[in-house]
Structures are given as structure tokens and as C-alpha cells.
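Here is the structure we will look at.
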Amino acid sequence: MITLQRQPHARYLAAALVSAAVMGASSQALAQQDDPIKVGILHSLSGTMAISETVLKDTVEMLIEQQNDAGGLLGRELEAVVVDPASDWPLFAEKARELLAQEEVDVIFGNWTSVSRKSVLPVVEELNGLLFYPVQYEGEESSENVFYTGAAPNQQAIPAVDYLMNEVGVERWVLAGTDYVYPRTTNKILDAYLKSHGVSDDDIMINYTPFGHSDWQNIVSEIKQFGNEGKKTAVVSTINGDANVPFYRELGNQGVNAADIPVVAFSVGEQELSGIDTGPLVGHLAAWNYFMSVDTDANYDFIDAWIEHTGDEMAVTNDPMEAHYIGFNMWAEAVRKAETTDVDAVKDAIIGVTVPNLTGGYAAMMPNHHITKPVLIGEIQDNGQFSIVWQTPSTVAGDAWSDYLEGSRDLISDWRKPMECGNYNVVEGSCGGGEAETE
Amino acid sequence: MRMLSRFLPGLLCLCLLFGLPQAVQAQDDPGQPLLEALDTSSYADKAEAIEVIIESGDERSRRWLEALLNGKLQRHKDNQRFVIVLENRGRHWPVADALSFEEAGEMSRRELDRIGINNALRGTLQNALSLLDLYVDDADQRRDAARDLLGNVDASMVEPLKAVIENEENAEVRRLLSQALAIYRLDQGDVEAIADLEGSLNQQVRSVLNSAARSDDPVLADAASAALAGIEQKLKLNQGLETLYFGLSLGSVLVLAAIGLAITFGVMGVINMAHGELIMLGAYTTWGMQQLLPGQPGLALVLSIPAGFLVAALAGIAIERGVIQFLKGRPLETLLATFGVSLILQQLVRTVISPQNRTVVSPEWLSGSVMINEGLSLTLNRLYVLGFALLVFAGLMLVMRKTRLGLEVRAVTQNRAMARSMGIRATRVDIMTFALGSGVAGLAGVALSQLTNVGPNLGQNYIIDSFMVVVFGGVGNLWGTLVAGLSLGVINQVLEPWVGAVLAKIIVLVFIILFIQKRPKGLFPQKGRAAEG
């Protein structure tokens, strides 16, 4: 493994030295004027994650097209460089290296799963790239080179639980998730959060299932039992991807309806629902920062463009697509502000950049590389869309380090000078406060 | 709800008014202000507006409430017009006027504002509609309505319900309604209500008893606990039966997925890693069939049974002729080559159809569940799959035992050279056998399309389990596959509540490994000379 990774690196280093020797600094600057700006797209187009990630590739391509139609950036064309990491986590790192070292892209939009992001992280940091990550995730991370345009737990999970607790009056909680890092960390945060609000241990049931779990009979039956204790019960679901369809089918067939035991999901969007008959699911909830049903002109324009781009009248949009929309526009704005695509300049320029989102407001890039987002709660409708029933009065800024976990409570992240630190411990007053315990 | 009596005559004269021209202008229509009151962002105001609509006795109320419940009551953004959306997929929706119910062409999503509801309002609306349903002629509909009211009765409904019980002739509806009232009374702290609830397995009953058992009033708490203890006793048996059913149902899925493999791997000895993708092809055939026959999911599903068999069998023949025949007797190479085929098939589906999952609609008769008693209901789709698995198994046994093909297959697998010298064309038998095994995989795919995702990854989820079942049951033995599949399903489901889904899977795997150490030939080893071949 080690030799495999070192070899190309040595080669790229040699190549870089040669090219530096051949081209003078001035000729490189000249070349920049005419060359297109390269935008790397690192999304799986094959393998298990293709189901979620291909639409994101198409989204970035559409955004690049639109930008080029509007005259490009700094007078230069944009060019998409698409690679396929094939849902294979180590391959993500290799492909990221290919994009940065070989293709010399100016920015990367990519990744879906946390494990693929963790795999890419050291490469992006080593080669000083820019990565825009569009998916809701578990937090507990802040990298100088990564911009997190999806929701942190405080922008999705916590407000959703608040809604159930305050508006619906839920007292008993089932935390059901797929067995990997995002659900485990999120559930840990939620567990701590619920207990800090006086929920007793007996009223919390935590359940994990393997990836792609398809036999939900027992678990749904258990949830039904758990909900029969005379207290209002809700399920908080971090069940990932494909496993949701059989889960919801079983809920419908066993007659668990949203009025009795509502299920609020953090990984179920329009894309996932387009694979099922949502009739029996009406009223179950999802928490996101964007829904396709948002009633704004910006959103309708985005949907129209998307339908035209895909050529599919029934094409749906979802939250990570909006995150790419915001991330792409933020990057473009920062490039304009910095008047160059140079990574360090863009990194400094982008903090504080504000662009419109699709829900009728604005998103701002915070110093911790997370963005501000409104939190929306939607109920599933029979046409596979969500109807928004609640939303936060204003936008919420993403928190890289959760306030509810031991070890991460005292950490903050601020990439502005002079702090320039992703995990500053405010109690010890030093950078590098250590990793939070996340299992 | 109090005004129910006033509303009913309105409902009755609906028939009289129907057909009268709607000459009334929207502004003058008494319905317009009723609907306008709904157009507010406050859910509390909406609840009041719903109450006003019910009390108005307007004969259109029911349709308004239903449209509101389904999220189809919408308002044009630019004018006062309310419409009911008839079909809400895509960007342009056909609509009907909400006052006259006349069709009003198409409107774009941009122009319309939905009157939104939340779960609480949905409950209110469903209650209101259930109350109305209590007056219909159809006893089944009345029973369903009564069941919906369990746990949902509030103070305003008590008097009308008592009147309904008086006049109700159906004993079951009467019993359910009394129970609904008793739940309400118990919730108010009435100890005597417990007598009416004793022995009921209904979830709502247990729920209210549980909260009563925690009450501060010792008399009430004791009575509720005693009633609960009786119910728990009854539930024990129920739970046992339920777990058994879950196990058999999971087992039937395993049997279906594995039985085709039992033929190709068990009988022919070919390690076919693309078996899962043949299942996937069967599932996609169901999807394709539903695309060809829109609006008839049931017929499409029935037709997909032969179609899925054919498609998978043809794909099987292609794999056998294209790859496997050249690798006879080289199991490792067969394994690698068919693994390659499986990846190719997956990516083919991704590229040609879509990487996204496809929607396969469940026909009406496959959704929901049959109620055995109030605490136990069996989900219909799984019941059908269980039956289907047994049918497929029986059919396959019949083919192997009673037909010429079965005889030849058995002859070739027992002694190839001898069979050939007796005039059997072994190559042809190979093709037919592989086609049969593949076709059965296609059948499994048709059944699985009703249980799980139809997507490019479908097959991967079942390939490991299938091999496990075949090896555990004893290679080359169809009965072994049946028993192994069903028992693994039951073991898995019995373990799951104790140790969780992840650990249950691991334990089953470890158990099989240990079992194979002890009995390498599985549950039902082949005996005699065939075993050596």
C-alpha cells in the first residue's frame, strides 16, 4: 500500500520540478490568462454510492455550463474535470491526488460519505487544494482546505429534535441508524442533548443496522412496542441510503402512521423518495436545509434549469444539490473578489462571502468553513415531495465542534488570521486541542 | 363536531344540488370565505377554520376536507381563486375549481400556493372524516372508521358517539366505539372504564393503560396494572407467533434467492457470482412491465412472473455459452469470470437505465396486512412472498422429479460420461439446467421487487446469503436449501431482538462456519456414488 502511494507522488514531484524549470514564473502567469479554469468533480459514478452521487456530478456540470454562458470567471472559461472514484474509499484519495497533482484543478467539488471525505482529507491538505463538501455530516472536523456546505448536526439534527420536543410533544425517542460514523456520532450528540433536556435513559432506544439492511420486520415491531408506553414517541432516523425503502415499506405495511409514531429522517430526501410509493408515508418527517417544494422564484428557476439539463420532466432536486449550488457560487464570488484562482487567496477571500440560497435567503461562509443555513422540517406528501411545516426563524451558523460532546465542547475553529486554527481549545488557550472522542 | 347533526342533512341534499348549474359568482359563494379562512400560516387558525367548515353544513365540506388532507387544496397566487389539484406530479398540474369542482385546465406549480397542514391538523381532519364515515351504509367502512377513532376521541365527540352506539346494528362497530369511549374515559381518570378495556390487544388500549398505571391515584394505577398484566400474558403468545412469521418470511426470501443457485451451483457445480445480478434482472423486468402497463400494477406483476423467468433464463444462457462452458472444471476461474460478469451487468444497468433506484408500485392487494387479532397482523406482501417461495420450490421439485429434463439433469450430474454414452446430449442439458437455475433467480427478483429497492445493487445484497444457504443446506439438495433457508431466517429473527441486527448476522455466520467444520457436507449430505462425482 505504502509503495503504491509513494510512487506516483515521487513522479508528480519530479514532473512538477521539470515543469517549473521549463516554464518561467512569468510564462505561467501568461498561460493562466488563456487556459480554462479547471473544476474537479470527485463523485462516484459507479458502485453503491452512484445512486446518490451522480446527480451531484450533473449539478456541478450544470453550474459550470451556466457560469460559462454568463461569460466564465475572470474572463476565462471553466472546464469540468470529472473522475470516477467508484464508491471505493481509498480510490477517492488517489483520484483526489490525480485531480490536484496531474490535472492541477483549481477547486474540487466532491464526496458524499464521511469515510470518503476522511480519505481525501490528507491529500487535499498536503497538496493545498480546495474541496467543497455538500452533504450533511456529523461535524467534529474543520480543515483549512475543506468547505462544508452541508449541514452540521446543529443545523439539522438538533433543530429537528427541538421541533419534535416542543411542537409535537415527543417524550420517548428511538434513535435508529445505519452502523457507521455519521449515525453513531449524531446519535451520541442527540443522546447527550436529550438527556440534558431531562429525558431519562428508559425513554431512549438506540438501534443500529448494517448497510443495505432489508429485513425490518423485527425492528419495526419493536418500535411499535416501544411506542405503546403511553408517551408520545418518535423515531429519529439516520438510516442511510438504500435501507430506507424497505424500512418505510415495512412501516407502512405494519400500519405505523405518522400520527402515532412520526419518523424524522436526516438522510431521506426527494431522491430517495422517488424510489417508493409514498402514499403510506404521508406525514413522516425529514429535516433539511432545502426542499424541492420551497416556494421561491430562485428555486423554480433552479428546478427549470435542472429539468432542462437532465431532459427529464420528472427530475427531482435535493438538499446536497442546493449545497453545491451555494458552494459553487461562493467559490466563484471569492475568485472574483481575489481576482485569481490561487488557493490561498481564495481561501482568505471566501470567508464572509454571502450568496443567495434557494430558500429565499442568504448563505454566508463562516470563519470555521461552515455556512449559515435555515433549518426546514417537512412532512412527506403522496407525490414524493415534502410540505414544509416548520422552519427556524433565521439562519443557523454551522458549528464544527458540537457543544454536547465531551472533548469537543471547548473547541472552536477560526481560519482567519491570526488564529488560523481548526481546533482551538478556548480553555487551554492553545491550537490543536485534540480530537473529540467520536468512536 | 357538535354540529354534526346539522351537517348530515347537508350531505343528504348533495344529491339534489348535484347537477344544478353553478351560476353563483365566486365572490358571492358562501364557500369562498370558508376557504379563505384556511389560508393562514397559523395552524391554530386553520384548525378553527376547519371547525367552521364542518359546522357550516356546506355539502362540499367533505371534498374540501379531503383535498386539504391530501395537500391538494391550493390557491392561485394572483387572485382569490381556490382550486383542487387533480394530479400533483411534474411541473404542470391539472386542477379543478374548488367551489364548482369543474375542471379548470392546467396550472403551473409557480402560480399556486398550497394550504399546508401538519400532523396535528391531519389527525383532526381524519377524525372529522372518520366521524362522518360512521353514518355510511357500508359496515366495513364503519368498522374502519371506528377503529381509527380509538385513542382519538375528545370531549366534543362523546355525545354524538353515544348516539351512534345506540343506533349501530353491527356488534363489532359497537364494541370498537365503546372501546374508543372507554379509552377517553380512562384518560379522564375513570376507573370503571378499565372493565371495558380488559383483554383488548389494541395498541391504543395498551398505551392508555400504561399511562394510567403510572398515575398518582393508587386505585386507578392498581386496576390499570392488573388489566395490563392480563393483556401482557396474551401478548406473549402473539409475540412468539409474530417472530416465527418474521423468521419464515425472511427465510422464504433466502430460499427464493438461493434456490436457483442450488441448481446451478448445487447440481451443476458452477460457482456463478453473477447469480445476484440475474435476480436483479428479474426485478428490473417487473419495473419494465409496469412501465409498459401504466396504471395496472397488479396485472404487470403477474405478467412479470413468466417474463422475469424468461429474461433471466436468456441472460443465463448467454452467460453459460459466453463464459462458463469454456471454464468447465476450473472453479477458480469460473468464480473470477462470473464475478466480472456481475460487475458488467451492474454497470450496464447503471449506464443504460439509471444509477437511481426505480419505483416498483405495489398493487393494492399486496399492501397492508391481514389482522389475525388486534395485537397480531401479518404483512400481506411478505405473506405472498412466502407462498410464492413455496410454490416455486414445489414447481422446481416437480421439474426435477417428474420431467424428462429433470431425469437428464440428474443423470448428467451423477455420471456425465455414462449419461452421454446412453445418448443424452450433455451440452444441451448443461444449457437447460443453467437456464432453469437462472430463470428461478429471475422469479426471485420479481418477488424481491415487492420487498426492497430495485436498483443496480440489488443482487449484491443477496449473493453471499444465497451461497450461505446452499452450503448450509447441503450442496446438490433442494430440500436442504428449503430447510436451511427457513431455519436461518427463523434463527436470525429470534436473535435479532436480543442482540441487534448487526450482531445477529455475525452470530449466524459464525454458527454456519462452525457447523460446516463439523459437517462439511451441510444439513443433508448427498449419499452414495453421486456424492463422489
Scanning region A:365-385 residue by residue, those within 19 Å of the chain's Cα centre (by Cα) and within 11 Å of chain B (Cβ to nearest Cβ) turn out to be A:Ile377, A:Gly378
Taking region A:241-257, which residues are open to solvent by 30 Å² or more (accessible area, probe 1.4 Å) and more than 9 Å from every other protein chain (Cβ to nearest Cβ)? A:Asn257
If I filter region A:277-286 down to residues being under 22 Å from B:Leu451 (Cβ atoms) and touching a residue at least 60 places away in the same chain (Cβ under 8 Å), which single residue comes out as farthest from the chain's Cα centre (by Cα)? A:Gly279
Tell me which residues, restricted to region B:256-291, are of a type in the set (Phe, Trp, Tyr) and within 12 Å of another protein chain (Cβ to nearest Cβ). B:Trp287
Would you pick out the residues in region A:383-406 that are in a strand (DSSP E or B) and of a type in the set (Gly, Ala, Ser)? A:Ser387, A:Ala397
For region B:205-226, which positions are more than 8 Å from chain A (Cβ to nearest Cβ) and crowded, with 24+ Cβ neighbours inside 10 Å? B:Val205, B:Ala224
Test: residue in region B:365-374 that is in a helix (DSSP H, G or I), of a type in the set (A, V, I, L, M, F, W, C) and touching a helix residue (DSSP H, G or I) at 6+ places or on another chain (Cβ under 8 Å): yes
Quick one: would you say B:Ala441 is under 21 Å from B:Ala274 (Cβ atoms) and either open to solvent by less than 50 Å² (accessible area, probe 1.4 Å) or among the polar types (S, T, N, Q) (or both)? yes
Filtered residues of region A:157-189 (kept if open to solvent by 50 Å² or more (accessible area, probe 1.4 Å), within 12 Å of chain B (Cβ to nearest Cβ) and over 26 Å from B:Glu496 (Cα atoms)): A:Glu167, A:Val168
May I ask you to say which residue of B:Val475, B:Val446 is in contact with a helix residue (DSSP H, G or I) (Cβ under 7 Å, 6 or more places away or on another chain), away from every other protein chain (no Cβ under 14 Å) and open to solvent by 10 Å² or more (accessible area, probe 1.4 Å)? B:Val475
Restricting to region B:236-255, give me the number of residues that are within 13 Å of chain A (Cβ to nearest Cβ) and buried (at least 18 other Cβ atoms within 10 Å of the Cβ). 12
Filtering region A:195-222 down to residues that are among the acidic types (Asp, Glu) and surrounded by fewer than 20 Cβ atoms within 10 Å (Cβ to Cβ), which residue is farthest from the other protein chains (Cβ to nearest Cβ)? A:Asp201
Going through region A:269-288 one residue at a time, which ones are at the interface with chain B (Cβ under 9 Å from one of its Cβ atoms) and either of a type in the set (S, T, N, Q) or within 11 Å of A:Val316 (Cα to Cα) (or both)? A:Gln271, A:Glu272, A:Ser274
So which residues in region A:229-240 are surrounded by fewer than 23 Cβ atoms within 10 Å (Cβ to Cβ) and either within 9 Å of another protein chain (Cβ to nearest Cβ) or touching a Phe, Trp or Tyr at 6+ places or on another chain (Cβ under 6 Å) (or both)? A:Glu229, A:Gly230, A:Lys231
Any residue that is surrounded by fewer than 21 Cβ atoms within 10 Å (Cβ to Cβ), under 28 Å from B:Leu228 (Cβ atoms), over 33 Å from the mean Cα position of the chain (by Cα) and of a type in the set (A, V, I, L, M) - is there at least one of those in region B:169-176? no
Per the list (1) in contact with a Leu (Cβ under 8 Å, 6 or more places away or on another chain); (2) more than 10 Å from chain B (Cβ to nearest Cβ); (3) open to solvent by less than 30 Å² (accessible area, probe 1.4 Å), residue check on A:Ala192 breaks on (3)
Only strands (runs of 3 or more DSSP E) wholly contained in region B:57-131 count here; list those with 3 or more residues that are more than 9 Å from chain A (Cβ to nearest Cβ) and buried (at least 17 other Cβ atoms within 10 Å of the Cβ). B:73-76, B:82-85, B:92-97
Filtering region A:415-427 down to residues that are surrounded by 12 or more Cβ atoms within 10 Å (Cβ to Cβ) and either in the same structural domain as A:Leu130 (by TED's automatic domain parsing) or farther than 21 Å from A:Glu138 by Cβ (or both), which residue is modelled with the lowest pLDDT? A:Met419
Taking the stated definitions as given, is A:Glu144 assigned to a helix (DSSP H, G or I) and open to solvent by 10 Å² or more (accessible area, probe 1.4 Å)? no
Please specify each residue of region B:352-393 satisfying the condition of being touching a residue at least 24 places away in the same chain (Cβ under 8 Å), open to solvent by 20 Å² or more (accessible area, probe 1.4 Å), within 11 Å of chain A (Cβ to nearest Cβ) and β-branched (Val, Ile, Thr). B:Thr359, B:Val361
B:Gly340 vs (1) at the interface with chain A (Cβ under 9 Å from one of its Cβ atoms); (2) exposed (fewer than 15 other Cβ atoms within 10 Å of the Cβ): all pass except (1)
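The values are calculated or read from the model by the stated rules, or taken from the named source; none is laboratory data. What you see is a predicted model; the values in this text were computed from it and never measured. Cβ coordinates were reconstructed from backbone atoms using ideal geometry, including for glycine residues, and neighbour counts include every protein chain displayed. Accessible surface is based on the protein model in full, side chains and every heavy atom, while ligands, DNA and RNA are left aside. Shrake-Rupley method; radii C 1.70, N 1.55, O 1.52, S 1.80 Å.
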